[in-house]
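The values are calculated or read from the model by the stated rules, or taken from the named source; none is laboratory data. Since the structure is predicted, the reported quantities are computational estimates derived from the model, not experimental observations. As a convention, Cβ positions derive from the backbone with ideal geometry for all residues, glycine included, and neighbour counts pool all protein chains shown.
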Amino acid sequence: MAARLSRRVAWQAPLVIALLVPWGCSGEESVAQAPAPDGGVDAGVEPAWSLELEADVGPGDEETVCRYFVVPDGGLAVARFQHTLSDRTHHLLLFPAYLTPEQIPVEGIIHDCEGDSPDKLVAPGILYGGQPGGASVAFPEGSSMKLPGGAVVLMEQHVVNTGVDAVHARAQLDLFAAAAGATREAGMLHFYDWAIYVPPRASGRAEMQCEIPTDIELSFGHGHMHQRGTRFEAWIVEPDGRERDLLETNDWDSETRSFSPSVHIPAGARVRFACDYENTEDRAYYQGLSAVENEMCSLTLGYAGDDGKRLPQPYEWCGSPASGVVGAGGFGCQSIEQCISAAWAQGLAAFGPALQSCWNQGCELAPVTYRDLAVCRATHCEAACDVPPGLAGVVALAGTSLGCLECVAANCPEQQQACAAQPDCD
């Protein structure tokens, strides 16, 4: 705990950024071999379903390709995933989609997946996430992820070609069926920190805490950063406040790993994770999809509940009331709001990055306190406070009219008092 506190205090000190090194020594394709299966699944079992993506990516280019697939008739109960990713692949993701097979907008590979995002229509959370190289990872013993027959999924591959030659990138994902008697339902936790701010020529930090409502068991996972990331750590905060380590790496492009033995998390615990960054450039960096132009901080974990049931969806993506962004700066609750109001006045184009900065620079728990007030104000006083549309749940800017002040005082007294009681910190 002392090391984490010391890093929090020193987050603004300038540091030297590690140079981005190309993945591999040439432009030739090199597919990493997955390790032997674990988790009690027989090595000789053939996959129940195999998905593939291929794309040619030019030198110096970054591309996110994707493709829709339809789950075979009869559905699948998935006990294990195995992925193999070619050199220069940054990540692999499998999303559930809000589509029927007849609604799939594009057949075959989509080469500008993010540009086609209005058609992606993916649900919150993920079905699987894999990092560079290869991995064979299984859900906890006696559990499986249920995929209904005819459901549409979207497989996405992010390729960053930092080399001088074109590459033929390939991703393969094999899904293995569970044996009879796997009665527990497994799922994926995908915790994504949207509020990242790395100042020019300085270090930065992004952190989240995510509430776990019932006893669960973790069997595999990884952290995720982009090229300015210098350290990722995840740890468990027990209900009594004690801490224990979960994941730790200094590699911004680390592999997916299995937990052996599996990791038990009790009800009422919190999973916390943090990313440290170093920036020697004259521009700031914020959260975004590009591994070159933006940063990320996320944690992906395969789990099964001890009671055999999956967690409610908001808990799978860190969206519960006690979950959220942990601040890395000195703004109290009211200062976060003042910062956001000033950012809104600059215009919509600059608002997104500025919003991340305001939120990230809060005192440790100030972002959650401010969020609670903003959500209450948006829920109960949207008209009275003239809340800008589309911002509820992230920020609901304070109105200054008498009607707004009276509405907030009447409907959100606890949240208002909590915000006023949280001053700026050092």
field: Residue that is nearest to G268 (Cα to Cα) [pool: residues in segment 229-244 that are part of a loop (DSSP other than H, G, I, E, B) and of a type in the set (D, E)]
entry: E238
field: Where Q415 falls short, out of the listed (1) surrounded by fewer than 16 Cβ atoms within 10 Å (Cβ to Cβ); (2) in the same structural domain as F351 (by TED's automatic domain parsing); (3) modelled with pLDDT of 90 or more
entry: (1)
Segment 305-350 - residue that is of a type in the set (S, T, Y) and farther than 30 Å from G221 by Cα and, of those, modelled with the lowest pLDDT: S341
query: Is there any pair linking a residue in segment 408-426 that is within 17 Å of A366 (Cβ to Cβ) to one that is hydroxyl-bearing (S, T, Y) and in a helix (DSSP H, G or I), with Cβ under 8 Å and at least six apart or on different chains, and which?
result: Q415/T369; A418/T369; C419/T369; C419/Y370; Q422/T369; D424/S335
message: Of the residues P261, P199, only one is without any contact (Cβ under 8 Å) to a residue 24 or more places away in the chain and of a type outside the set (F, W, Y); which?
response: P261
- prompt: Taking the stated definitions as given, is A345 free of Cβ contacts under 8 Å to residues at least 12 places away in the same chain and either farther than 28 Å from W252 by Cβ or not assigned by TED's automatic domain parsing to the domain that holds F95 (or both)?
  reply: yes
- request: Determine which member of the set F69, F81 is closer than 25 Å to F273 by Cβ and modelled with pLDDT of 80 or more.
  value: F81
Index of the failed condition, G302 passing every other in (1) in contact with an Asp or Glu (Cβ under 7 Å, 6 or more places away or on another chain); (2) at pLDDT 95 or above: (1)
task: Please specify each residue of segment 226-258 satisfying the condition of being within 21 Å of R80 (Cβ to Cβ) and touching a residue at least 60 places away in the same chain (Cβ under 8 Å).
output: S254, E255, T256, R257, S258
- request: Output yes when any residue across segment 210-217 is within 22 Å of A79 (Cα to Cα) and in contact with a Ser or Thr (Cβ under 6 Å, 6 or more places away or on another chain), and no when none is.
  value: yes
task: Go through P353, P388 for me and flag whichever is at pLDDT below 95, part of a helix (DSSP H, G or I) and surrounded by fewer than 20 Cβ atoms within 10 Å (Cβ to Cβ).
output: P353
- prompt: Where residues in segment 222-257 are buried (at least 20 other Cβ atoms within 10 Å of the Cβ) and small (G, A, S), which of them is farthest from A186 (Cα to Cα)?
  reply: G229
task: Would you mind stating whether C363 is at pLDDT 95 or above and either among the aliphatic types (A, V, I, L, M) or surrounded by 20 or more Cβ atoms within 10 Å (Cβ to Cβ) (or both)?
output: yes
query: Just checking, which of A291, A304, A328 is assigned to a loop (DSSP other than H, G, I, E, B) and in contact with a Lys or Arg (Cβ under 6 Å, 6 or more places away or on another chain)?
result: A328
- prompt: Taking the condition within 15 Å of G221 (Cα to Cα), at pLDDT below 85 and surrounded by fewer than 23 Cβ atoms within 10 Å (Cβ to Cβ), does G115 pass?
  reply: no
- prompt: Is there a residue being part of a strand (DSSP E or B) and over 18 Å from F191 (Cα atoms) anywhere in segment 280-288?
  reply: yes
field: Criterion violated by R244 - all others in (1) closer than 14 Å to L301 by Cβ; (2) modelled with pLDDT of 95 or more; (3) basic (K, R) satisfied
entry: (1)
message: Residues that are closer than 21 Å to G133 by Cβ, out of contact with any helix residue (DSSP H, G or I) (no Cβ under 8 Å at 6 or more places or on another chain) and of a type in the set (S, T, N, Q): does segment 102-109 have at least one?
response: no
- prompt: Listed residues S219, S203, S260; which is of a type in the set (S, T, N, Q), in the same structural domain as G133 (by TED's automatic domain parsing) and crowded, with 24+ Cβ neighbours inside 10 Å?
  reply: S219
query: Out of the residues in segment 259-275 that are in a loop (DSSP other than H, G, I, E, B) and not hydrophobic (A, V, I, L, M, F, W, C), which is nearest to D87 (Cα to Cα)?
result: P266
query: When both residues are 6+ apart or on different chains and their Cβ atoms are under 6 Å apart, which pairs have a first residue that lies in segment 208-225 and is among the aromatic types (F, W, Y), and a second that is in a strand (DSSP E or B)?
result: F220/V137; F220/S258; F220/G302
message: Go through segment 155-178 and report how many residues are in a loop (DSSP other than H, G, I, E, B) and either within 21 Å of D253 (Cα to Cα) or at pLDDT below 90 (or both).
response: 6
statement: Over segment 71-108, the set of residues surrounded by fewer than 16 Cβ atoms within 10 Å (Cβ to Cβ) and under 23 Å from A169 (Cα atoms) is V106, E107, G108
